[in-house]
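J.: Mind looking over this structure? Questions follow.
What follows is calculated from the coordinates using simple rules that are stated; it is not laboratory data. Every value quoted in this text rests on a predicted model; they were computed, and no experiment measured them. In this analysis, Cβ positions are derived from the backbone assuming ideal geometry, glycine residues included, and neighbour counts consider all displayed protein chains.
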Amino acid sequence: MRDPTGSVWRMAQTLSRGPVTGTAKPAGKRKPFLLDLYSTAVGKKYVMAITGILMILFVVGHMIGNLKMYQGVDADGVYAIDHYGEFLRELLYPLLPKYGALWIMRVGLIVTILLHIHAAYGLTVINRKARPVKYQSPRDYQIASFASRSMRWTGVIVLAFILWHLADLTFGWVNPDFEYGEVYRNIDATLSRWPVAIFYIVANVLLGIHLFHGTWSLFQSMGWNNPRFNPWRRWLAAGVATVIVVGNVSFPIAVLAGIVEHPGVS
């Protein structure tokens, strides 16, 4: 005959624990998926990669537009790069107000840069918490390239260059001979100053170093890396960095050499 004592004891234990469901404490409100993903290292790497791609596309497009400086004047005597500046100011007009599309692109670029910086800072904090002890031997640094070790510093200097570039050729705050809408003249006026020209050259060389490692690493961040494709990744990273550096550095050199010269600039 089965002893009822065990059954009674188990029933008492069940009652003392209370109901398993129904009155249980509800779970806390979950974050939206994208914010939840961004709180992880993987999510921040995705943001770093996507914003990096957007900025690379912007830098390439900006450089191609500035190359119109070498086309000189058209049949009406207007510089080609001034036509390009007017095109940007009237982009999508009258669908949008004049300057509307241009300011949307500017704000979008600023937001992209801020997201890139925030994700980079977040990854740095996560990595420091994961490895509180610094590298102990020189061999640890030999694994990484100079470009990867200097990403933080090149990023800071490039950010300073972007702010200067906006103040110099977009708003004219640091360009004494600035005239709004006269792109060709403003480029000649600012890059005729040796300290400014040297700063542009150095900043763009550092931008190339930053882009080299950024282009290389974004494939890994997006999960597109494969050992068979590593040579292609390296050639692509080197190609992007080289094209940007050669194109952008050519502008101050051309001004200093007198190849680009506006008659209104003394």
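J.: Determine, for each peptide in 205-215, 173-183, 227-237, the mean count of other beta carbons within 10 angstrom over its residues, then list the peptides with the highest first.
T.: My ranking of the peptides, most packed first, is 205-215, 173-183, 227-237.
J.: Okay, moving on. Please name whichever of Met222, Leu169, Val243 sits farthest to the positive end of the charge dipole of the stretch 40-256, dipole taken about the Cα centre and charges placed at Cβ: Lys and Arg +1, Asp and Glu -1.
T.: In the stretch 40-256, that residue is Met222.
J.: Please state the charge dipole magnitude for the stretch 40-256, taken about the Cα centre, from unit charges on C-beta atoms (+1 on K and R, -1 on D and E), reported in debye and rounded to the nearest 20.
T.: Rounded to the nearest 20 debye, it is 1660 debye.
J.: What value does the stretch 40-256 have for Rg/Rh, both radii from Cα atoms and Rh as Kirkwood defines it?
T.: Working: Rg = 19.5 Å, Rh = 19.2 Å.
My calculation puts Rg/Rh at 1.01.
J.: Right, here's the next one. Compute the separation of the alpha-carbon centres of the stretch 232-266 and the stretch 33-111 and state it in Å as a whole number.
T.: So the separation of the two Cα centres works out to 18 Å.
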